[in-house]
Amino acid sequence: MAKKELIKLKINGKEREAAAEPRLLLVHFIREALGLTGTHVGCDTSNCGACTVIMNGKTVKSCTVFAVQADGAEVMTVEGLLQNGALHPLQEGFKEEHGLQCGFCTPGMLMSTYALLQKNPQPSEEQIRWGISGNLCRCTGYQNIVKAVQFASKKMAQGGK
Amino acid sequence: MQKTSAEISGMGHSMKRKEDSRFIQGKGNYVDDVNLPGMVYGHMVRSPYAHARLKSINTDAAKKVPGVLAIITGEDLAKANLAWMPTLSNDKQMVLATGKVLFQAQEVAFVVAEDRYAAADAAELVEVEYEELPVLVDPHKAMDADAPLLREDRTEKNNHIFHWEVGDKAATDKAFKEAAVVSKVNALSPRCHPAPLETCGCVADFNKATEKLTVWLTSQAPHVHRTVFALVGGIPEQNIRIISPDIGGGFGNKVPVYPGYVCAVVASLTLGLPVKWIETRSENLQSTGFARDYHMTAEIAADKEGKVKALRVKTLADHGAFNAAAQPTKFPAGLFSICTGSYEFPQSFCEVDGVYTNKAPGGIAYRCSFRVTEAAYLIERAMDVLADDLKMDPVELRKKNFVPAAKFPYKSPLGWTYDSGDYHAAMKLALDTIGYDALLKEQAEKRKKGELMGIGISSFTEIVGAGPAHTFDILGIKMFDSAEIRIHPTGKAICRMGTKSQGQGHETTYAQIVAQELGIPAKDVQVEEGDTDTAPYGLGTYASRSTPTSGAATAMAARKIKEKARKIAAFLLEVSEQDLEWEPGKFFVKGAPSKAKTIQEIAFAAYTNIPPGLEAGLEAVDYYDPPNLTFPFGTYIAVVDIDKGTGEIKVRRFVAVDDCGNIINPMIVEGQIHGGLTEGFAIAFMQEIGYDESGNVQGGTFMDYLIPTAVETPHWETGKTTTPSPHHPFGAKGIGESPNVGSPAAFVNAVVDALSHLGVKHIDMPITPWKVWNILKEKGITG
Amino acid sequence: MIPPAFEYLRPKTVPEAVALLQQHGDDAKILSGGQSLIPMMKLRLARPSHLIDINRISGLAYIKEDGGFLKIGGLTREAELEGSDVVRAKYPLLLDTATVIADPQVRNLATVGGNLAHGDPANDHPATMLALGVQIVATGAKGARVIAIDDFFVSLFTTSLQHDEILTEIRIPSPPPRSGGAYVKLERKVGDFATAAVAVQLTLDDKGAVQKAGIGLTNVGATPIRAKSAEDALRGKKLDAATIGQAAQLAADAAQPGSDLRGPAEYKKGLIKELTKRALTRAAERAGK
């Protein structure tokens, strides 16, 4: 076994550190070393996007990144969306528009759509669909996820954050 | 039904889901989120071969990996009589292989280590020596004299599992002999997989001190699983607690018991430690319950005007290495005999033969009430072929043969009594919504220009909600379901059911049923499922049975509570029970509405001011045995455009008109339809678990088992008609599966329609661009 | 799935990285975006003894016009191409390609250099770079050398990079006026490798005839394929239906696809023909603007 390295990162605004073998996948580091289980694993071939987190401002599939690569990085997970105890407009949107069923893909979807709205605050339906094309959902057929993002986009434009 | 206020949010309100708060904050609790002190990890060693003799297993190198605690083989399990386990279909299945392996990815050994990385490393070092055997892949060859014998453990020395038939063969044959027109289609419903986004897994925790086994399990049927563990493992049932935590989608995949669960339990019993086993996606696709794999032939006898006279169906069912179908005992081919569909066939005969092949075992009911999807697909395809043979509009043909609304309850020639339906109404709404006549004109014009456009219709009938108990059981356990409601002193409630949500929104919809029946606001009703220590026994959630069974039980339990509430209200108001009237949330004195007691006041009195002669408390349990199944239906219309150069198919529009009786939560119903249509779309165009000649699984990862993204997925348009079920307590049917059952035929019919003028009558799913291109090339259209 | 163990090394400079490659031999691998390598490691199809993470080396990620080239640093992420003004303005072929590689999350990490150095004929950049006639800069112990893209792809998963070389830059010749390109990909779904795809780069003369054409084919052979005879057939000709049809047929003839789950070989050849027509038409439209 390769020796463990100390990995320090800022996750959801908090400095955290833990030791990890170099081969430890970031998703396992987040879920098991840091205990943030909102980020999920849905496949083993980097297809499903359930493990999507935001690393240094960009969405990545945390099952396809080694934890050592995130050493020193700023990482955001679904647990970081809540602001001062209030739901983010995207979280509200997913609930209001029935953008989730089993909830397993939802954290990854939230991360991808969060990044999308950062980059493009008023995306068209097509841009939303392409924006979540790295996230699979088996329940919703995506239509209400699109609506959820539109809900959030509108709310954010009205100053909701 | 009286509509309640938004505050109460009973039936018909699009209440936002109660369960969402935790999911949108990353606070769901799925099985892989369970983390116990001292927990260790299991990893399965699987066979690379589809059929091979097991010569030896050497675990020496694997045991040397730091952190490895145990390696369990089939021989180890055999000592405890656990090498095999019963399936849900009166067959048995190897837990870990002994003697030989029968499919690629079959479970061979189970490695337990302190962390999942060490377990994976050790699993790779388990040395297994195999001697390859001839492989049987094609089910059509399973009964050949020279076919390799797969199941040496059986008394019958062949690969035949069952023959099942229903209907009047002689009368049907006679009708065919006399018929003016006979149409025929051979249609494959290909092997596919439910692939919920969360794979299967468990955490088994045996406490040696208390002798209690707790298993967190991805289970759609936790109570049945507890009983199976008790029967198979010899553990007293009271010492087993199954907890189905949040489930990341099921779709039928999480009904069976899988070898990994058994191994984790055995490892925990042996080590006295909690053992987690979570399968990978590839393991999920390659080894757990596949669906379909029905090789079907349908023939329709009709007169020249298109009135159908008889339906004859013959089917070969490929079950893989073990018959691990999850279905009611008396129905080896599930409810496939719903294959007469929405049409009034005077006669029908249907037969199914099941065979073994060297493939993963199954097949389970994937978002489907036991082979209904196959049946609906077959009849809707066959009706289109008949229409084409007769040069009739498929809409006209369907209308001519629909079971008329006046004839319900309708007894089908294959023995079902359809509870209610108005097929013409659903068809009309779908046609009006999509603008059928204009589309026909457009198609005619496009054909003149050489452009390919197709319209596909599917007017399906579903059959969901098993029981009744006199006909339906699984492993002898009757298919009732249950609900228990307790009203707290402050008028809030908790209810528990024998079902288990996997995303369907039970925490909201069951609460709405209670709200409707008792007037307690749905937000004040906590719904809990999945813990066998607390919930009443039930058969679980699949086959669209939650609303028809536990939903009904919830209403019945609520009505029992209401009867007691009436007694308490009469006492409190000092009138007789007959003088009371109910409106949602309160009893009042007839003619004096201000003299009233709310359900909350009544609940408080049930604990604080108990009427003489009554027990304290306000609670009820109901075990509901449905008198019949329910028969949801609908008409779906797909419009497709075909790219002649590449064979790509674009679904331009899709209208789904569903009728599931009275609706609890329209928002949730629509969400179910969107999801089911998307799965049907994937099945029609993208998905197949195939095998090569050597039995190597193709499409065993998400690289090749294609799940559509938001980009490919069409925009769905929905509509509804409402024909209540006459026997269900609040007139509901089921909805979760209709879109998956009804849509594949609409898609396929649309593509075939686009090519029908070229003489194309049928294309097997999945209809990929290359299949279309090959046809176009053959017809000289492209290339 | 769990990758096998490895030693992790994080050099700060290219020479340091090259030295580590030399020190650890054939079993050492460069970790760039990791979006091909890590999935292969999880499937245990790749098991490097050492991973040399070049992501912290500064100065390897850039997109700049310089000396008649668009220079792209080897470590440039695919997503950067999508966001680049110069790419959007002048390199439509590159932009087309960058938007259809895998999916958004993968493009945020995957690098242009890695996409080429992996030597996978199913990747999208190889065909594009063949069509653009680029140069590859490989940096090793003796410094940098330039490899013509035509000499870069050797066989399946093998390029002409030496084991101790790192792909540090891609140099795309700046297109003359009246140039345009297009990448047309057919995939089974977003995120999939191409069933087949065609990259076309055209330069037209004043009269609208083809002065220069580059055509690259994705996933229809053991290596990415440059359809030279199709290019030759276009030179000096106006892009009428007959010329496009002839070039498309020649491109299809150059394809050597196998049959697999994406379709039979004959279909893929047919696709190449059709997609070549579409790519030529789109590229010509863009060149004409």
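Throughout, read-outs are computed from the coordinates displayed, never taken from laboratory work. Computed from a predicted structure; not experimentally measured. Virtual Cβ from ideal backbone geometry, glycine too; neighbours counted across all protein chains shown.
When the GluC sites (Glu not before Pro) in segment B:195-296 are filtered for DSSP coil states and for at most 14 other beta-carbon atoms within 10 Å of their beta-carbon, the remaining sites are B:GLU211. Inter-part distance, segment C:84-138 to segment A:44-91, computed on C-alpha centroids, equals 25 Å. Based on C-alpha pairs under 8 angstrom that are at least 6 apart in sequence, segment C:90-230 has a relative contact order of 29 percent.
Take the Kirkwood radius over Cα pairs of segment C:7-53, plug it into Stokes-Einstein at 37 °C and 0.692 mPa s, and you get 304 µm²/s for translational diffusion. Seen from a random direction on average, the alpha-carbon convex hull of the protein assembly as shown projects onto 49.7 square nanometres. Could you compute the FRET efficiency for B:GLU648 and C:VAL154, with r as their C-beta to C-beta distance and R0 at 25 Å, rounded to 0.05? The computed FRET efficiency comes out at 0.15.
For B:ARG116, B:ARG496, the sequence from fewest to most other C-beta atoms within 10 Å is B:ARG116, B:ARG496. Packing order of peptides B:78-89, C:275-286, highest average first: C:275-286, B:78-89 (average count of other Cβ atoms within 10 Å over each peptide's residues). When you count the other C-beta atoms within 10 angstrom of each residue and take the mean per peptide, C:46-59, A:129-142, B:731-744 line up highest first as B:731-744, A:129-142, C:46-59. The mean count of C-beta atoms from other chains within 10 Å of the C-beta of residues in A:66-74, rounded to a whole number, is 3. Counting only other chain Cβ atoms within 10 Å of each residue's Cβ, the peptide B:504-512 averages 1. Could you tell me the calculated FRET efficiency between C:ALA144 and C:ARG235, based on Cβ-Cβ distance and R0 = 45 angstrom, to the nearest 0.05? The formula returns an efficiency of 0.90 here.
With a/c under 1.5 counting as rounded, go ahead and sort chain B into rounded, prolate or oblate using the C-alpha gyration tensor (a ≥ b ≥ c being the square roots of the eigenvalues; past the cut-off, prolate if a/b is larger than b/c, else oblate). Here chain B falls in the oblate category.
The protection proxy used here, the mean number of other Cβ atoms lying within 10 Å of each residue, ranks peptides A:46-56, C:64-74, B:617-627, C:220-230 as follows, highest first: A:46-56, C:220-230, B:617-627, C:64-74.
FRET efficiency for the C:GLN23 to A:ASN56 pair, using the beta carbon distance and R₀ = 25 Å, is estimated at 0.25. A DSSP coil position with no more than 11 other Cβ atoms inside 10 Å describes the following trypsin sites (Lys or Arg not before Pro) in segment B:442-494: B:LYS449. Averaging the Cα positions of each part gives two centres, and for segment B:717-770 and segment B:47-64 these lie 46 Å apart. As a proxy for reagent exposure, ranking A:THR113, B:THR534 by other Cβ atoms within 10 Å from fewest up yields B:THR534, A:THR113.
Reported to the nearest whole Å, the Cα centre-to-centre distance from segment B:188-252 to segment B:455-518 is 19. For segment C:233-289, the relative contact order is 35 percent, taking Cα pairs closer than 8 Å that sit 6 or more residues apart in sequence and dividing their mean separation by the residue count.
Local charge for B:GLY201 was computed over the other residues whose Cβ lies under 12 Å away, with Lys and Arg +1 and Asp and Glu -1, and equals -1.
Computed over neighbours whose Cβ is under 10 Å from that of B:THR721, the net charge equals -1, Lys and Arg +1, Asp and Glu -1. Look at the alpha carbon pairs under 8 Å that are at least 6 residues apart: their mean separation over the length of segment C:179-288 gives a relative contact order of 32 percent.
Ranked by how many other Cβ atoms sit within 10 Å of their own Cβ, fewest first, the residues B:HIS757, B:HIS13 fall in the order B:HIS757, B:HIS13.
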